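The block underneath contains the structure these notes are about, expressed in C-alpha cells.
The values are calculated or read from the model by the stated rules, or taken from the named source; none is laboratory data. Since the structure is predicted, the reported quantities are computational estimates derived from the model, not experimental observations. When we count neighbours, we look across all protein chains shown, and the Cβ atoms used for this are built from the backbone with ideal geometry, even at glycine. In case anyone asks, the SASA skips ligands and DNA or RNA and just uses the protein heavy atoms, side chains included. Shrake-Rupley method; radii C 1.70, N 1.55, O 1.52, S 1.80 Å.
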Amino acid sequence: MPIEKEWKYRESGDPATVRQLSSELGVDPVLAELLVQRGVCTFEQARSFFRPNLDDLHDPFLMADMDKAVERVHQAVVSQEKILVYGDYDVDGTTAVSLVYSFLHRLTRQVDFYIPERYDEGYGVSYKGIDWASENGFKLIITLDCGIKANEKVEYARERGIDMIICDHHLPENELPKAVAVLDPKREDCNYPFDDLSGCGVGFKLVQAYSVRYGIPFETLIPLMDLLVVSIASDLVSVTDENRILAHFGLKQLNSNPREGLLAMIQLSGLEPNHLTIDDIVFKIGPRINAAGRMESGRIAVELLTASNAAEAIRIGTEINEHNNERKNIDRRITQEALEMVRSGNCLSSDNATIVYNPLWHKGVVGIVASRLVEAFYKPTIVFTKSQGGLVTGSARSVHGFDLYDAIESCADLLENFGGHLYAAGLTLKEENIPAFCERIEKAISGTIIPEMQTPVVEIDASLNFSQITPKFLRILKQFQPFGPGNHAPVFRTDNVYDNGMGRKVGAEGGHLKLELIQESHPYHHISSIAFNMADFYDSIKAGNPIDVCYSIVENYYRGTANTQLRIKDIHEREELV
C-alpha cells in the first residue's frame, strides 16, 4: 500500500471577506475562498488576477547593473565584437541561452552559444569554456542561469581580454564577481520589485531593457515568451507577480504559435496542440529538453530551440526524444535496483535517511532516482554513484520542511564539494569517506528532524460537493491558471463517494485506477477520475465500499474532445459496507 498521508486544510481566509468577494464577483464561495487564500481580496485585485497584463511588467532598469549590461551589449553589437551566450545544461539554462541568442542574432551575426558538458565541465562557468571563447576570438560572454559565484572565472576571462555579463537568479555570496554587470534580482543591493525570476526570466529582462533603450518594439519580444514559460514551469519558480504575467502570455504563445523546436516537442510528446498547460511542460516537454543534457549534450537542446525550419526541428527533436526514452529506461531500472537494495537491507542507510550506492549507476539520473525513493519511503535521500577521478558523486532530495542542505553542510569536512538548497543538493566525496559521511549525516538528521516532517501531507484548500462542479465553476477555476508554486492547483476534498461499477485498472502494469465516482448525497452526478499508482485500492472500491478523496480538477483533452476529470491525490477508505 502507498504511504499513508495526513490530510490538512490550508488556513482559511477571513469569512466576511470571502462572503463579500463571493457576492461582488457572483461566484461560488469556494472560489472566493481560493482567491482570498491567494491574497486576492477585492474586486480590483480579482480583475488583475484574472486578466494578466503585459503593461504590468516591471521596468527592467530597476534591476541593479542593467544600464551597464545594456551599454556593453550595444557596444559589442555596433563594434561587431564576437559575443558568446553561455548557459547551464538544464531546461532553464538552455531556454535562457536560446532566448538571448535568438534576440542577439537579429542584431548581429557575430554571436554564438556555449553549453558546458555535464560530465566533463560540470555546472556553471568552466575554464574550458573560457579557453574556447578566447581561442575563438570572443570579447564578451553573457552567462545565463549561472555565474553568480564565478569570481575566479570572471578574473580568468578578464586576463584573456574577455568581458563578462552575469545573468543569474541564484543566491550570491558576500562578494559579487567583478564582471562588467551582474544581473541578479537576489543581490542584496538590487531594488528590483520581484526576486523570483527564472534564469531565462533574467535574460528576458536584459533583452527587454535593450529593446526599450534602442527603440525595438515590445511586440517583437512576444515570440520569445514560449521559451520563458517552459523555463518558469520547469525550474519551479513561483507563478506569482511578474512570473504569472510572463507564464500567462508564454502559454498563449506556446499554444498559438510555438517555435519549431517546441512544436516538435509537442508532437513527439503526444500532446494536444492549443490546449497545453503548465503540467504538460513539467511532465512532458521539460524532461525531454533536460534529457539532452543528462544523456548527451545540452547543446543539442539549444539547437532544437533555435531551429528555423520544421524538418530540422523534427530531426533534432527525434534525437532528443530517443535520449529521453533511454533516460526513462535507465531511470526505471536503477530505481528498481535502489528500491530492492533498501527493502533487502543492502543499502548504506535506511533509518533516518535512505542512502544507496552503486558505482555503475548513470550519473545523469541519480537525482530522479532520489526523488523516487523519497516518494517510496518518505525520508531524506541520497543516491551515490562513481564519478570522475575516483570520486563518488551523489544527489540528495529531502522531505517537506527538512533542511537537508544544512545537514550536508555539517559534514563539509568529509566532502570535496557540495551545493544546492533546502530540498535538493549535490555532493562529491572520496569513496573511503562514505562510511564516516553516512554515520555523520544520520546523526545530523536524527537530531533535527521532527515527527511532523516524517509523514507526507496533502494540503486541502476546501471541501466540495460534486454538485458544485458546474460549467460556470469550471470556467472560473480555469482562469486561476497558470498554476505553480505560489499559485498551486487547488486541492478539494469530497467524502463518502463510490465507483459506479465501471472502475478499472489502467496503465502498462495496471498500476493506476480509472474511476467513475458518485457522491452518496448526489447520486445522479458522477465524474470521471484518475488515480495514479493507487491500484492497491481496487478490490475495496470494486466491492462497492465508500471512500473519501482529495483531488484537483483538470480538463483532459483527447483527440480534440475536452472532458472534466478529477486527478486523485489520495484516498482514505471509510468503514466497509455491511
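A few remarks follow.
- Qualifying position, being at pLDDT below 95, on the phi < 0 side of the Ramachandran plot and small (Gly, Ala, Ser), among Ser98, Ser48: Ser48
- From Ser463, Ser395, residue being open to solvent by 60 Å² or more (accessible area, probe 1.4 Å) and touching a helix residue (DSSP H, G or I) at 6+ places or on another chain (Cβ under 9 Å): Ser463
- Looking across the range 500-530 at every residue that is touching a His at 6+ places or on another chain (Cβ under 9 Å), closer than 15 Å to Ile547 by Cβ and of a type in the set (A, V, I, L, M, F, W, C), the one that is least open to solvent (accessible area, probe 1.4 Å) is identified as Leu517.
- Residues satisfying the stated conditions in the range 257-309, i.e. of a type in the set (A, V, I, L, M, F, W, C), over 19 Å from the mean Cα position of the chain (by Cα) and at pLDDT 95 or above: Leu263, Ala264, Leu304, Ala307
- When we screen Asn545, Asn487, Asn496, Asn556 for residues that are without any contact (Cβ under 8 Å) to a residue 40 or more places away in the chain and among the polar types (S, T, N, Q), the only hit is Asn556.
- Residues that are of a type in the set (Gly, Ala, Ser) and in a helix (DSSP H, G or I) within the range 50-70 comprise just one, Ala69.
- Residues that are in a loop (DSSP other than H, G, I, E, B), farther than 14 Å from Arg244 by Cβ and not hydroxyl-bearing (Ser, Thr, Tyr) within the range 37-49 comprise just one, Cys41.
- Within the range 6-18, the residues that satisfy the criterion of being modelled with pLDDT of 90 or more, surrounded by 11 or more Cβ atoms within 10 Å (Cβ to Cβ) and within 22 Å of Thr494 (Cα to Cα) are Glu6, Trp7, Tyr9, Arg10, Pro15, Val18.
- Residue in the range 242-259 that is of a type in the set (Ser, Thr, Tyr) and within 15 Å of Leu99 (Cβ to Cβ) present: no
- Filter result for Ile355 (open to solvent by less than 10 Å² (accessible area, probe 1.4 Å), part of a strand (DSSP E or B) and either closer than 26 Å to Arg288 by Cα or in contact with a Leu (Cβ under 7 Å, 6 or more places away or on another chain) (or both)): yes
- Here Gly122 passes the criteria (1) open to solvent by 10 Å² or more (accessible area, probe 1.4 Å); (2) in contact with a Phe, Trp or Tyr (Cβ under 8 Å, 6 or more places away or on another chain); (3) within 28 Å of Ile281 (Cα to Cα) except the one numbered (2).
- Residue count for the range 71-89, restricted to those that are of a type in the set (Asp, Glu) and in a loop (DSSP other than H, G, I, E, B): 2
- Strands (runs of 3 or more DSSP E) fully within the range 388-461 counting 2 or more residues that are within 25 Å of Glu6 (Cβ to Cβ) and free of Cβ contacts under 8 Å to residues at least 40 places away in the same chain: 391-397
- Among the residues of the range 429-447, the one identified as among the polar types (S, T, N, Q) and exposed (fewer than 15 other Cβ atoms within 10 Å of the Cβ) is Ser446.
- Residue selected from the range 90-119 under the condition assigned to a loop (DSSP other than H, G, I, E, B), open to solvent by less than 30 Å² (accessible area, probe 1.4 Å) and touching a residue at least 40 places away in the same chain (Cβ under 8 Å), by the criterion farthest from Ser308 (Cα to Cα): Pro116
- Total residues in the range 317-331 satisfying the condition of being surrounded by 14 or more Cβ atoms within 10 Å (Cβ to Cβ) and either out of contact with any helix residue (DSSP H, G or I) (no Cβ under 8 Å at 6 or more places or on another chain) or without any contact (Cβ under 8 Å) to a residue 24 or more places away in the chain (or both): the figure is 3.
- Inspection of the range 444-455 identifies no residue that is among the aliphatic types (A, V, I, L, M) and in contact with a strand residue (DSSP E or B) (Cβ under 6 Å, 6 or more places away or on another chain).
- Complete set of residues in the range 134-162 that are open to solvent by 50 Å² or more (accessible area, probe 1.4 Å) and either part of a loop (DSSP other than H, G, I, E, B) or in contact (Cβ under 8 Å) with a residue 60 or more places away in the chain (or both): Asn136, Lys139, Lys149, Arg160
- Flag for Ile222 being in a loop (DSSP other than H, G, I, E, B), out of contact with any Lys or Arg (no Cβ under 8 Å at 6 or more places or on another chain) and either open to solvent by 20 Å² or more (accessible area, probe 1.4 Å) or over 27 Å from Leu304 (Cβ atoms) (or both): no
- Residue among Asp55, Asp14, Asp88, Asp28 that alone is charged (D, E, K, R) and within 24 Å of the chain's Cα centre (by Cα): Asp88
- Condition met for Ala32 (in contact with a Lys or Arg (Cβ under 9 Å, 6 or more places away or on another chain) and part of a helix (DSSP H, G or I)): yes
- Among the residues of the range 168-197, the ones that are of a type in the set (Gly, Ala, Ser) and at pLDDT below 95 come to 0 in all.
- Flag if Asn191 is part of a loop (DSSP other than H, G, I, E, B), of a type outside the set (A, V, I, L, M, F, W, C), under 13 Å from Asp65 (Cα atoms) and open to solvent by 10 Å² or more (accessible area, probe 1.4 Å): yes
- Scanning the range 348-399 for residues that are among the aromatic types (Phe, Trp, Tyr) and under 20 Å from Ile449 (Cα atoms) yields Phe377, Tyr378.
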